[in-house]
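Worksheet for the structure shown next.
Every read-out reported here was derived from the displayed coordinates using simple, explicitly stated rules and does not represent laboratory data. Predicted, not measured: the structure shown is a model, and the values here were computed from it. Cβ: placed from backbone, ideal geometry, glycine included. Neighbour counts: every protein chain shown.
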Amino acid sequence: MDVRFTPIVDGRDAAVEEHTADGRLRHAIGVLARDVPAEEWASTVAWFARTRDGNVLDGARDAVVALGGELVPETVRLGPDWPEPPRDGHVFGDRFVGPTADAWVAWVARCIEAGQTEVAINGALRALGMPGSAGAVRDALVRPVARDAVERERRLAHLEALLDAHLLFARQGGVAEVDALDDAVFFAHFWVAHRPVVFRGAARAWPAWSFEALAARFPSATVQVTASRWGAWWRDRPSHHRDMPLTELLTLAQEGSGDGTYAVGHNRLFEALPALLDDVRVLPGQERIVHPSLWIGPAGTLTPLHFDPGSAWLVQRAGRKRVHLASPLEHGLLETAIDGSYNSVRPSALSDEERAARGFTTVELGPDDALWIPATWWHEVASLTPSISVRTAGFRWPDDLAHHVFV
Ligand SMILES: O=C(O)CCC(=O)C(=O)O
């Protein structure tokens, strides 16, 4: 919409010229000028200012109305001496929310810094459709709160710039692969940088596992599997669980396919098979094994895109898996998040180009390869063949995000 206004002519006299020289009026003109030539606004604003002693912009606003015009806040453009007012809102659920009160307070403080007067700022707020914000001006004048807001805004802009720079970096780097890794290198290059790494052959020295060997070793064990991981299954895990003999699961894993029967992380398999835990060794960065979980399933399992609050090594003990990873800096993925840590995006269903555009990197794990998944990194995991994997935590350094450089 436009500001519609028919300029008056009868107010243009010497007195009007005198008033337009007043700095306050120039502000008023700056506030109101958009599609109408500045001189015409000048005469109108000055004319009304002359007839009223109060807020020049009140007068200007009245003038617009009196003359049958309409002042639409979005079309108001402030003059060059004014900081850009907050305009952008954000989408919250399915609602559009305008700029926050904080943003307005910060803007008022910037206006003061720019030398605008209280009267002019109040007028500008009114013209911008924020008539209730006079309190913000008073706040900004008498309290440090607004200056703090300015500082916060600057800091936020700085952090956003940093985030984008890191994002660029994260996208360029891909996921590193190494054949050897010690604690020091792991700490300096991956833990601190909060970057995943594939450690090829990491579990080569562990006792070998195979479907047949596990079946022979634990012939009477019963394990819990997750059946039918459809919809938001994670909201009610127990209803998707069922018990089955380990030997049956191992046979099914080798002969079947799909996501219908999969022993996933919450299955307490290591509680059922404590002897198996003795075969699990620490990897770089770990001082002991914490939260071990065992994943056994056929080709075709698909763990949807999600992130975990703690870092972990995902170790492939038999078969192959494909993992699509994305950095937590990929803030676009926050828009499609479900229940916080899951996501409706299915990277495996996207084309290579779409995946790259969303910042995904893909790695494949073969027997005894391990992938370090840093806390909060998005990952979707698909098994390409019958598969046995182990996931462990227990790192030497607190897995709290303050220890990573990005936060
Ligand atoms: O292997 C899988 O299917 C999922 C593993 C996973 O999500 C994890 O280790 O965090």
In Hz, Karplus ³J(HN,Hα) per residue of the stretch 308-314 (6.51, -1.76, 1.60; θ = phi - 60°; x = Gly, Pro): 10, x, x, 6, 7, 8, 9
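Which trypsin sites (Lys or Arg not before Pro) from the stretch 158-249 combine a DSSP loop assignment with at most 11 other Cβ atoms within 10 Å? Before the final figure, lay out the partial values.
Details: sites: ARG171, ARG200, ARG204, ARG217, ARG229, ARG235, ARG242; in loops: ARG200, ARG204, ARG229.
Taking the stretch 158-249 and a limit of 11 other Cβ atoms within 10 Å, the loop trypsin sites (Lys or Arg not before Pro) found are ARG204.
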Amide H contacts under 5 Å for ALA312, placed H, 5+ residues apart: ILE373, ALA375
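Which net charge results for the neighbourhood of PHE190, defined as the other residues with beta-carbon distances under 12 angstrom from its beta-carbon, given Lys and Arg at +1 and Asp and Glu at -1? Could the numbers behind the result be given before it?
Numbers: positive: ARG195; negative: GLU177, ASP182, ASP183.
My count for the surroundings of PHE190 gives -2.
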Averaged over all viewing directions, the convex hull of the alpha carbons in the stretch 300-383 casts a projected area in nm² of 5.2
What does DSSP give for the stretch 174-403 in terms of the percent of beta bridges that are antiparallel, rounded to the nearest 5? 90
Could you give each residue of the stretch 268-282 its phi-based ³J(HN,Hα) in whole Hz, using Karplus coefficients 6.51, -1.76, 1.60 with θ = phi - 60°, and x for Gly or Pro? 6, 5, 5, 5, 6, 10, x, 4, 5, 5, 4, 7, 8, 10, 6
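Relative contact order for the stretch 174-403: what percent, with Cα pairs under 8 Å and sequence separation of 6 or more?
Working: 498 pairs, mean separation 62.9, N = 230.
Value for the stretch 174-403: 27 percent.
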Total formal charge among the other residues, if their Cβ is under 10 angstrom from that of GLY366, Lys/Arg +1 and Asp/Glu -1: 0
Dipole in debye (nearest 20) - the stretch 190-308, about Cα centre, beta carbon charges: Lys, Arg +1; Asp, Glu -1: 340
Using only the alpha-carbon atoms of the stretch 191-302, report the extent along each of the three principal axes, biggest first, to the nearest angstrom. 38, 35, 24
Counting only residues 5 or more places away or on other chains, whose amide H sits under 5 Å from the amide H of LEU305 once H atoms are built in the peptide plane? ASN343
Along the positive direction of the dipole of the stretch 284-407 (beta-carbon charges: Lys, Arg +1; Asp, Glu -1; about the Cα centre), which of ILE296, ALA349, PRO284 reaches farthest? ILE296
Over the stretch 174-403, the quotient of the Cα radius of gyration and 2.2 N^0.38 Å is 0.97
Computed about the Cα centre, the charge dipole of the stretch 174-403 from +1 Lys/Arg and -1 Asp/Glu charges at the Cβ has a magnitude in debye, to the nearest 20, of 240
